[in-house]
Each structure stands twice: as structure tokens, then as C-alpha cells.
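Asker: Would you mind keeping the following structure in view while I ask a few things?
The values are calculated or read from the model by the stated rules, or taken from the named source; none is laboratory data. Here the structure is a predicted model, which means the values were calculated and not measured. FYI the Cβ positions are ideal-geometry reconstructions off the backbone, even for glycines, and counts take in every protein chain you see. Please note that ligands, DNA and RNA were not included when accessible areas were found on the heavy atoms of the full protein model with its side chains. Shrake-Rupley method; radii C 1.70, N 1.55, O 1.52, S 1.80 Å.
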Number of protein chains: 2
Amino acid sequence: MTEAVGRDPEAVSAFVEHFAAQLVEAGVPRMPARVFAALLASDTGTLTSAELAGQLRISPAAVSGAVRYLAQVHLISREREPGSRRERYRVHSDQWYEALTSREAIIKRWEAALSEGVARLGPESPAGRRLAETLDFFEFIEKDVAGMMERWRAYRDRKYG
Amino acid sequence: MTEAVGRDPEAVSAFVEHFAAQLVEAGVPRMPARVFAALLASDTGTLTSAELAGQLRISPAAVSGAVRYLAQVHLISREREPGSRRERYRVHSDQWYEALTSREAIIKRWEAALSEGVARLGPESPAGRRLAETLDFFEFIEKDVAGMMERWRAYRDRKYG
DNA sequence: CGCGTCTTTCACAAATTTGTGAAGTTACCG
DNA sequence: CGGTAACTTCACAAATTTGTGAAAGACGCG
């Protein structure tokens with residue numbers, strides 16, 4: 001066993017389950033949420049599949065599924081330990097919140113749907129106008145979020161070096 | 001039947017189902033998503049329970065459940081038509097995106113969980129530091145989002161009067 | 001090149017979620 | 001004050017999702 005479990009397994013587990021529960025409420029599937037929280041609470045920010053299975057008391061299959069999900073939405077990356085078929089999963093400690101908050105791909109699809117709606121309903125109809133304004137909002141947000149992340153990085157660099 | 005169905009029911013329905021599908025993918029339960037999309041695509045921005053049930057081909061019970069959900073997360077408001085037991089549901093056309101994007105309550109709970117995690121794991125441990133920085137991020141975001149909404153309103157007022 | 005370990009895939013059982021019909025409640029209207 | 005239209009609650013059936021064990025697949029190592 002590596003340092004992964006941390007000094008006080010009880011404390012780690014308490015945090016992992018509690019934080020995961022919040023993510024679940026926000027719409028994240030349960031296993032991915034637990035895996036993600038476990039990674040976040042690990043000292044190195046990385047854990048192997050076996051460590052995750054042991055710590056969370058779930059089957060390797062469940063780890064596999066959760067990890068695939070998290071990688072797909074770019075919340076973690078998978079790296080192969082050289083000289084082993086062991087895989088290491090890592091939180092993108094500097095980027096993961098962007099994935100959680102901006103969700104660019106999803107917004108893009110919203111925009112596409114709205115845009116089509118404007119065309120279908122007619123840009124001059126009251127409903128069409130409402131949709132157009134909504135679309136406008138998302139386009140605005142999308143640009144502004146980029147700036148916000150910029151500001152965050154500046155703030156963080158100043159504070160944490 | 002009021003103007004609720006719009007000029008081309010086919011077009012309205014196509015948009016409603018398509019947009020709702022995108023919301024569902026983002027984690028919104030199906031019925032609330034459909035009801036919300038229908039309201040968004042209505043000319044007045046309001047529909048009655050009966051209109052929703054008819055247009056979406058769902059039972060009054062389903063409308064009731066969806067509407068309760070949407071009201072709880074402040075995506076719609078319910079108003080009583082004076083002199084009728086009919087209820088009218090309305091999209092908060094100026095505010096609904098804030099509810100969708102900032103999700104303040106959820107972030108608050110994330111912050112609480114993170115804060116507790118920092119305490120439990122120790123602010124000086126590597127994991128504790130990671131959690132602390134994450135918490136910091138959310139606090140930053142929370143403040144900045146307020147500013148972003150401000151900028152949106154200014155932009156919108158200029159453009160739409 | 002084949003052994004052993006780690007990971008993924010697959011089919012299924014369990015648990016959860018979803019939407020419905022029907023009964024129950026509320027409150028307008030005569 | 002009933003009658004009744006409109007909404008809500010409740011219990012349940014259907015559908016979906018979730019996590020598992022078992023088997024198959026990948027791949028480093030000897």
C-alpha cells in the first residue's frame with residue numbers, strides 16, 4: 001500500500017463520501033463522483049486502480065467504468081506507469097474546475113439547439129426573440145468565462161506562486 | 001386553446017424536444033426539461049398546466065411534478081390567474097440562466113464539504129492544500145460570476161433596450 | 001513466446017427513478 | 001354552502017441505471 005490512503009483513513013473516507021455526495025446532487029454519477037473525490041483527497045493526486053478499488057470497496061469493474069467516464073469529461077487523465085501494466089489516474093489539479101464549471105461542449109450543444117429553434121420559429125416571433133436572446137446570453141458567457149479563468153490564474157499565481 | 005401552441009406546432013415541438021434533450025444530457029430530469037423548453041418556446045413565456053399536459057402529451061401528475069421541481073430551483077414562477085383555479089407558469093426570462101449557470105446553492109455545499117475536508121486532513125498536508133486551493137477557486141468564481149452577470153445586463157440593455 | 005498480472009467487457013440482478021391512473025384536496029362560482 | 005374544475009398526492013408498474021462476478025483481452029517480463 002502506498003501513501004495513498006493518507007494518515008487517517010477515517011478522515012479521508014469521511015471527506016470522500018461527503019464531497020462525492022455533493023457532486024452526486026449536482027448530477028455527477030455516483031461512482032465517478034467517489035473516484036474523483038478520492039483522487040482529490042490523495043496526497044499525490046494520483047491513485048492506481050487497485051488502490052481505488054480497495055479504498056472505496058468497489059469492484060475493479062466499477063473503477064474501470066468510473067474512470068472511463070471521468071477521462072471522457074476531462075476530469076482526470078490516465079497514465080501508464082512505465083514498466084508495469086498498472087495504470088495511474090490523476091486529477092488535473094489545475095484544470096478540473098474548468099471542466100466542472102464551464103462545460104463548454106454542453107453549452108455548444110445548447111447553442112446549436114437554440115439556434116435551430118430561432119430559425120424554425122422565426123426570428124421575428126416573440127418566442128423566436130426569446131430564444132435569440134438566450135442564445136446571445138450563452139455566447140456572451142462563453143467569452144466571459146475565458147476571461148474569468150484568466151483572472152483566476154493571475155490571482156492564484158500571486159497567492160500560491 | 002390559447003396562442004400557446006404557436007403558429008407551427010410541428011416546429012415548436014421539434015425545438016422543445018431537441019432542446020430538452022440537451023438539458024437532459026446536462027443532468028436535468030426529463031419532464032422538467034421538457035416543460036421548461038416548452039415555456040421557453042411559448043410566445044408569452046407562460047403556459048397553463050393543461051396546455052403543458054396537452055402539448056407534451058403527459059399526465060397532469062407529470063406536469064405537477066415537473067413544475068414543482070422547476071419552481072424549487074427557481075427556473076420558473078407560478079402565478080394564479082385571478083378568478084380561476086388555473087395556474088400559470090412563467091419562465092423568468094431575465095434570470096433563468098443565472099439559476100442554470102451559477103447554481104449558487106450547490107457551490108455553497110461544495111465549499112462546505114471542501115472546508116470540512118481541509119480541517120479533517122490538515123491544512124498542511126498535501127491533500128489538505130489541494131482542497132484548500134480548490135475551495136479558494138470556488139470562492140473566487142462565486143464573486144466573479146456576480147460581476148459577469150452585471151456585464152451581461154449592461155450588454156443586453158445596450159443591445160435590446 | 002507463453003506466463004501472470006492488471007484491466008476491460010459482458011450479461012445479469014438489484015436498486016432506483018419515472019410517469020401514470022385514481023383518489024384526495026383546494027377553492028372558485030353560483 | 002354545495003358543485004365542480006383544477007391541481008396534488010399516492011401507490012404501483014415499467015423502464016432505466018448501476019454495480020457485480022466471470023470471462024476475455026492486453027501487455028510487461030522472464
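Asker: Take the residues in region B:78-97 that are acidic (D, E) and at pLDDT 90 or above; name whichever of them is surrounded by the fewest Cβ atoms within 10 Å (Cβ to Cβ).
Answerer: Looking at residues that are acidic (D, E) and at pLDDT 90 or above, I get B:E79.
Asker: So, one more: Quickly run through region B:74-109 and pick out the residues that are more than 25 Å from A:E133 (Cβ to Cβ) and within 16 Å of DNA strand D (Cβ to nearest atom).
Answerer: B:R80, B:E81, B:P82, B:G83, B:S84, B:R85, B:R86, B:E87
Asker: Among the numbered conditions (1) part of a helix (DSSP H, G or I); (2) touching a Ser or Thr at 6+ places or on another chain (Cβ under 8 Å), tell me where B:Y89 comes up short.
Answerer: (1)
Asker: I'd like to know if region A:8-29 contains one or more residues that are away from every other protein chain (no Cβ under 14 Å) and surrounded by 16 or more Cβ atoms within 10 Å (Cβ to Cβ). Give the steps one after another, and end with the answer.
Answerer: Applying the first criterion (away from every other protein chain (no Cβ under 14 Å)) to region A:8-29 yields none.
Scanning region A:8-29 turns up no residue that is away from every other protein chain (no Cβ under 14 Å) and surrounded by 16 or more Cβ atoms within 10 Å (Cβ to Cβ).
Asker: Counting only residues that are of a type in the set (V, I, T) and modelled with pLDDT under 95, which one in region B:59-77 is nearest to A:V24 (Cα to Cα)?
Answerer: Step one: list which residues in region B:59-77 are of a type in the set (V, I, T), which gives B:63, B:67, B:73, B:76.
Cutting the leftovers down to modelled with pLDDT under 95 gives us B:73, B:76.
Details: B:V73: 16, B:I76: 23 Å.
Going through the qualifying residues, I end up with B:V73.
Asker: Select, from A:L135, A:L100, the only residue that is modelled with pLDDT of 90 or more and either out of contact with any helix residue (DSSP H, G or I) (no Cβ under 9 Å at 6 or more places or on another chain) or in a helix (DSSP H, G or I) (or both).
Answerer: Working: A:L100 fails: modelled with pLDDT of 90 or more.
Within the list A:L135, A:L100, the selection yields A:L135.
Asker: Moving on. Tell me, yes or no, whether region A:5-16 has at least one residue that is touching a residue at least 24 places away in the same chain (Cβ under 8 Å), within 16 Å of DNA strand D (Cβ to nearest atom) and over 18 Å from B:R120 (Cβ atoms).
Answerer: No, because not a single residue in region A:5-16 is touching a residue at least 24 places away in the same chain (Cβ under 8 Å), within 16 Å of DNA strand D (Cβ to nearest atom) and over 18 Å from B:R120 (Cβ atoms).
Asker: Name the residues in region B:113-154 that are surrounded by 14 or more Cβ atoms within 10 Å (Cβ to Cβ), of a type in the set (D, E) and farther than 17 Å from A:K159 by Cβ, would you?
Answerer: B:E116
Asker: Which of the following residues is small (G, A, S), within 23 Å of A:L23 (Cα to Cα), in contact with a Ser or Thr (Cβ under 9 Å, 6 or more places away or on another chain) and open to solvent by less than 50 Å² (accessible area, probe 1.4 Å): A:A53, A:A62, A:A66?
Answerer: Numbers: A:A62 fails: in contact with a Ser or Thr (Cβ under 9 Å, 6 or more places away or on another chain); A:A66 fails: in contact with a Ser or Thr (Cβ under 9 Å, 6 or more places away or on another chain).
Only one candidate qualifies: A:A53.
Asker: Now for a separate question. Inside region A:63-121, can you point out the residues that are farther than 30 Å from B:A127 by Cβ and charged (D, E, K, R)?
Answerer: Filtering region A:63-121 down to residues farther than 30 Å from B:A127 by Cβ leaves A:107-121.
Across region A:63-121, the qualifying residues are A:K108, A:R109, A:E111, A:E116, A:R120.
Asker: Another question, if that's okay. Out of (1) closer than 27 Å to B:G161 by Cβ; (2) in a helix (DSSP H, G or I), the odd one out for B:S13 is which?
Answerer: For B:S13, the exception is condition (1).
Asker: Right, here's the next one. Given the conditions (1) touching a helix residue (DSSP H, G or I) at 6+ places or on another chain (Cβ under 9 Å); (2) more than 23 Å from A:A132 (Cα to Cα); (3) more than 12 Å from DNA strand C (Cβ to nearest atom); (4) not β-branched (V, I, T), and given that B:P60 satisfies all but one, which numbered condition is not satisfied?
Answerer: Only one criterion in (1) touching a helix residue (DSSP H, G or I) at 6+ places or on another chain (Cβ under 9 Å); (2) more than 23 Å from A:A132 (Cα to Cα); (3) more than 12 Å from DNA strand C (Cβ to nearest atom); (4) not β-branched (V, I, T) is unmet by B:P60, namely (3).
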